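Visitor: Quick one: structure below, then a few questions.
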Amino acid sequence: MDTKTLLLEIGTEEIPAHAMPGILDQLKTLAEKSLSEARITFGDVQTLGTPRRLALLVSDAANAQADIETEKRGASAKIAFDADGNPTKAAIGFAKKNGVRPEDLIIRDGYIYAVIREQGKPSADIFKTLLPKLICDLSFPNNMRWGNLDFKFIRPLRWIVALFDAEIIPFEVAGVKSGKTSRGHRFLSKGDFEIATAADYVKTCAENFVIVDQNQRRDMITAQIKAVASSKGGVAEITDDLLEEVLYLVEYPTALAGEFETKYLALPAEAVITPMRDHQRYFPVKTIGGRLMPLFITIRNGGKDYIDIVQHGNERVLKARLEDAQFFFNEDRRKSLDAHRDRLKTVVFQEGLGSVYEKTERLVALVKKIAGLIGVDATNAIRAAELSKADLVTGMVTEFTELQGVMGREYAKLDGEEAEVCAAIDEHYMPRFAGDAQPKTTAGKILSLADKIDNIVATFSRGLVPTGSQDPFALRRQALGIVNLLSGARWSLPLSEVVEPAMDLLKITDEVGREHIQRDVADFMRLRVKNVLGGSTRYDVIDAVIGDVDDVFAVTLKAAAVEQFLATPDSTKVIQSFVRVGNLARKAETSDINAELFTSDAEKVLHGAFAAIKVAADELVAKKDFLGALDVLKKLSTPIDSFFDSVMVMDENLTVRKNRLALLKAIDDLLAQIADFGKIVL
């Protein structure tokens, strides 16, 4: 079958950089789905984009739809044909309705069938409706409308290119007709240009100073930044998020270096880097040893003409930002970080939950509680808690909010606080975003837990439990941080014992309300533990260990132990025995056993084995050696099977029955310390 290349280019006003990756992914997914549903075979589907265009390139697209053959069943053969085999009115009508001749009807299983063969339409005809629908089906977090049109898009449409090889696919969207004319770089090109064939798209764009392939553009930007930095004797700090943003701000990148006065290097490095990177989208340059240099690199959307003027303009803008930083820093340093704390009394934490100063007082109390539960010294964590929010009222953080925690750390250093205290002030916000690092210091970990638990309990107390996509306080991220922190630090911390004092400190006195908060927090954490385990653990194992998540670290150990145990040769037989116990244990009213009521050898043997094994298993569970405990508990499998083979559990004698059920419940309670084995899929 003949194939061609399909091109769709959607020309727009500048699209926000942060939206571009998601839009391109969405366009690719929609295109693949639409082509498949239209029965058009295709090869590679590629989406390309710059700030002013979204493009779809499909290689080896079939010249026509695939033919299809369908069958429709009609009346029974006895009704469709008379005794002489001639078609009746029923058969003739059925054949006419389905566009076939009566003699072409086939008989199978006592019924008549019409075989309908539909020839595929030319792909070019299909694209006339498929491509505009593709444009209209794209969804965005924010839309725009212009003129008197009802059509919505992320930015106004300006041109559309639609080619099937050299053939124009004609259609119209929002008053814009498709064609073969695109637009070059705003300043470097001569303006509009024509694309001869779809296969020439990338090359023709490049000739008009548009590097439309974002991967090629990314490589160009990275190489240029590194080369410019190297020429200055430094190394550029290229972060993925900044690179991704700059990538979708330019169509033809050119890197250039700028300088700033060395006096600003006296500021903390982050105070220079933040306005440089987050506000101006400049890449900082450091020495090979990691010391900040008075240099920056920026990416121009254009060529090298008049680059000295562009450099000077960027230097002036950055100088103004750094002057602000210098001013706020000097003002902040008129007093110690501790002296700033008093102003926190004027800052509201959450509606009805007091001030940020009161929050720091709660953090001090929670830090002491957490340190006591895990058995570590709380001195540095307490001091860090006292100072943790003080930088929020400094001029530097008020102006550059991204520096919260960072400036607290730097000001604490200048005040001569302990190194761990300084680090903890910054670390307690970690992780700030997906993929961010966890706190490294013990004080930072304790304070981070205290802060996140206080945030969750406080917000839940207002009835603001995250639902669906609504999570304005980023509590899901904070809960994930708790899970990863506890498992990474290998701390067995009963969360309920921290939630309890957190509620006391928030003055939550209603007992029903307290119970609801405990339950809501447990359910919320359960989902986060499930998310963390989901990447590497069997779903049934997760379900088996997720019942009680009060000790997050223990849950992760249980999951690992059960998975390892399931890989052993005799695990299936053992699990089956455990499941039989659990099925009947649910009917037990108590786990209190009266050994004198046992009459058969099998129940005596099982009780004796259980009594002997329980001591060892309990000790191993207490040590969090769940795999070792399972290795001991599997010895119950044989006496359990013998018990069920020879003992009638549901004896007519009610006393005997209750005692046997109590034995099974006692065993099941022991097993439940590790997992609900009834949820394991064998």
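Visitor: Within the set of pairs 6 or more residues apart or between chains, which connect a residue that is within 17 Å of Pro284 (Cα to Cα) inside region 316-327 to a residue that is small (Gly, Ala, Ser) with Cβ atoms less than 9 Å apart?
Guide: Pairs found: Leu318/Gly258; Leu322/Ala271; Ala325/Ala271.
Visitor: Residue under question is Val632, and the condition is that it be free of Cβ contacts under 8 Å to residues at least 24 places away in the same chain and not charged (D, E, K, R); does it hold?
Guide: yes
Visitor: Go through region 343-369 and give me each residue that's charged (D, E, K, R) and either within 34 Å of the chain's Cα centre (by Cα) or closer than 19 Å to Cys422 by Cα (or both).
Guide: Glu351, Glu358, Lys359, Glu361, Arg362, Lys368, Lys369
Visitor: For residues in region 557-566 being under 24 Å from the mean Cα position of the chain (by Cα) and either surrounded by 23 or more Cβ atoms within 10 Å (Cβ to Cβ) or of a type outside the set (Gly, Ala, Ser) (or both), which is nearest to Ile453 (Cα to Cα)?
Guide: Leu557
Visitor: Right, here's the next one. Checking the structure you have, find out if any residue of region 640-648 is farther than 30 Å from Val541 by Cα and crowded, with 17+ Cβ neighbours inside 10 Å.
Guide: yes
Visitor: So is Lys440 assigned to a loop (DSSP other than H, G, I, E, B), among the charged types (D, E, K, R), out of contact with any Pro (no Cβ under 6 Å at 6 or more places or on another chain) and under 25 Å from Val376 (Cα atoms) or not?
Guide: Spelling it out, Lys440 is indeed assigned to a loop (DSSP other than H, G, I, E, B), among the charged types (D, E, K, R), out of contact with any Pro (no Cβ under 6 Å at 6 or more places or on another chain) and under 25 Å from Val376 (Cα atoms).
Visitor: Does at least one position in region 392-410 carry a residue that is in a helix (DSSP H, G or I), without any contact (Cβ under 8 Å) to a residue 40 or more places away in the chain, open to solvent by less than 10 Å² (accessible area, probe 1.4 Å) and touching a Lys or Arg at 6+ places or on another chain (Cβ under 6 Å)?
Guide: Checked against the condition, which is being in a helix (DSSP H, G or I), without any contact (Cβ under 8 Å) to a residue 40 or more places away in the chain, open to solvent by less than 10 Å² (accessible area, probe 1.4 Å) and touching a Lys or Arg at 6+ places or on another chain (Cβ under 6 Å), region 392-410 yields no hits at all.
Visitor: List every residue pair whose Cβ atoms sit under 6 Å apart, with the two residues 6 or more apart in sequence or on different chains, where the first one lies in region 585-609 and is touching a residue at least 12 places away in the same chain (Cβ under 8 Å) and under 13 Å from Ala666 (Cβ atoms) and the second, anywhere, is acidic (Asp, Glu) and open to solvent by less than 50 Å² (accessible area, probe 1.4 Å).
Guide: So the pair list comes out as Ala585/Asp668.
Visitor: Give Asp504, Asp550 a once-over and let me know the one that is in contact with a Pro (Cβ under 7 Å, 6 or more places away or on another chain) and either acidic (Asp, Glu) or modelled with pLDDT of 95 or more (or both).
Guide: Sole residue among the options that is in contact with a Pro (Cβ under 7 Å, 6 or more places away or on another chain) and either acidic (Asp, Glu) or modelled with pLDDT of 95 or more (or both): Asp550.
Visitor: Would you mind stating whether Ala434 is open to solvent by 10 Å² or more (accessible area, probe 1.4 Å), closer than 28 Å to Asp471 by Cα and touching a helix residue (DSSP H, G or I) at 6+ places or on another chain (Cβ under 8 Å)?
Guide: Here the answer is yes, as Ala434 does meet what is asked.
Visitor: Evaluate the following for Pro141: is it in contact with a Ser or Thr (Cβ under 8 Å, 6 or more places away or on another chain), open to solvent by 10 Å² or more (accessible area, probe 1.4 Å), assigned to a loop (DSSP other than H, G, I, E, B) and more than 17 Å from Arg53 (Cα to Cα)?
Guide: Judged against the criteria, Pro141 is not a match.
Visitor: Assuming Glu417 fulfils every condition listed in (1) in a helix (DSSP H, G or I); (2) modelled with pLDDT of 95 or more apart from one, which condition is it?
Guide: So Glu417 meets the others, but not (1).
Visitor: Turning to a different aspect of this structure: When you scan region 145-256 for strands (runs of 3 or more DSSP E) that lie fully inside it, which ones turn up with 1 or more residues that are more than 27 Å from Phe283 (Cβ to Cβ) and open to solvent by less than 10 Å² (accessible area, probe 1.4 Å)?
Guide: Fully inside region 145-256 and qualifying: 157-164, 181-183.
Visitor: Conditions first: (1) open to solvent by 70 Å² or more (accessible area, probe 1.4 Å); (2) under 30 Å from Thr29 (Cα atoms). Ala83 passes all but one, so which condition is the exception?
Guide: If we test Ala83 against (1) open to solvent by 70 Å² or more (accessible area, probe 1.4 Å); (2) under 30 Å from Thr29 (Cα atoms), just (2) comes out false.
Visitor: Identify, from the list Asp504, Asp520, the residue that is open to solvent by 40 Å² or more (accessible area, probe 1.4 Å), more than 19 Å from Gly375 (Cα to Cα), touching a residue at least 12 places away in the same chain (Cβ under 8 Å) and not hydrophobic (A, V, I, L, M, F, W, C).
Guide: Asp520
Visitor: Taking only region 486-497 into account, find how many residues are under 21 Å from Glu427 (Cα atoms), touching a helix residue (DSSP H, G or I) at 6+ places or on another chain (Cβ under 7 Å) and open to solvent by 50 Å² or more (accessible area, probe 1.4 Å).
Guide: 1
Visitor: Go through (1) touching a residue at least 60 places away in the same chain (Cβ under 8 Å); (2) open to solvent by 10 Å² or more (accessible area, probe 1.4 Å) for Leu663 and report which single condition fails.
Guide: Among (1) touching a residue at least 60 places away in the same chain (Cβ under 8 Å); (2) open to solvent by 10 Å² or more (accessible area, probe 1.4 Å), Leu663 violates only (2).
Visitor: Take region 270-297 and flag every residue that is under 31 Å from the mean Cα position of the chain (by Cα) and on the phi > 0 side of the Ramachandran plot.
Guide: Within region 270-297, Arg281 is the sole residue that qualifies.
Okay, residues lined up against (1) assigned to a helix (DSSP H, G or I); (2) surrounded by fewer than 21 Cβ atoms within 10 Å (Cβ to Cβ); (3) touching a His at 6+ places or on another chain (Cβ under 8 Å):
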{"residue": "Asn484", "(1), (2), (3)": "yes, yes, no"}
{"residue": "Val499", "(1), (2), (3)": "yes, no, no"}
{"residue": "Thr509", "(1), (2), (3)": "no, yes, no"}
{"residue": "Asp543", "(1), (2), (3)": "yes, yes, no"}
{"residue": "Val555", "(1), (2), (3)": "yes, no, no"}
{"residue": "Pro569", "(1), (2), (3)": "no, yes, no"}
{"residue": "Val579", "(1), (2), (3)": "yes, yes, no"}
{"residue": "Thr590", "(1), (2), (3)": "no, yes, no"}
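The values are calculated or read from the model by the stated rules, or taken from the named source; none is laboratory data. Computed from a predicted model, the values in this text were never measured in an experiment. With ideal geometry, Cβ positions are generated from the backbone for all residues, glycine too; neighbour counts draw on all protein chains shown. Remember, those area values only see protein heavy atoms, side chains included, never the ligands or the DNA or RNA. Shrake-Rupley method; radii C 1.70, N 1.55, O 1.52, S 1.80 Å.
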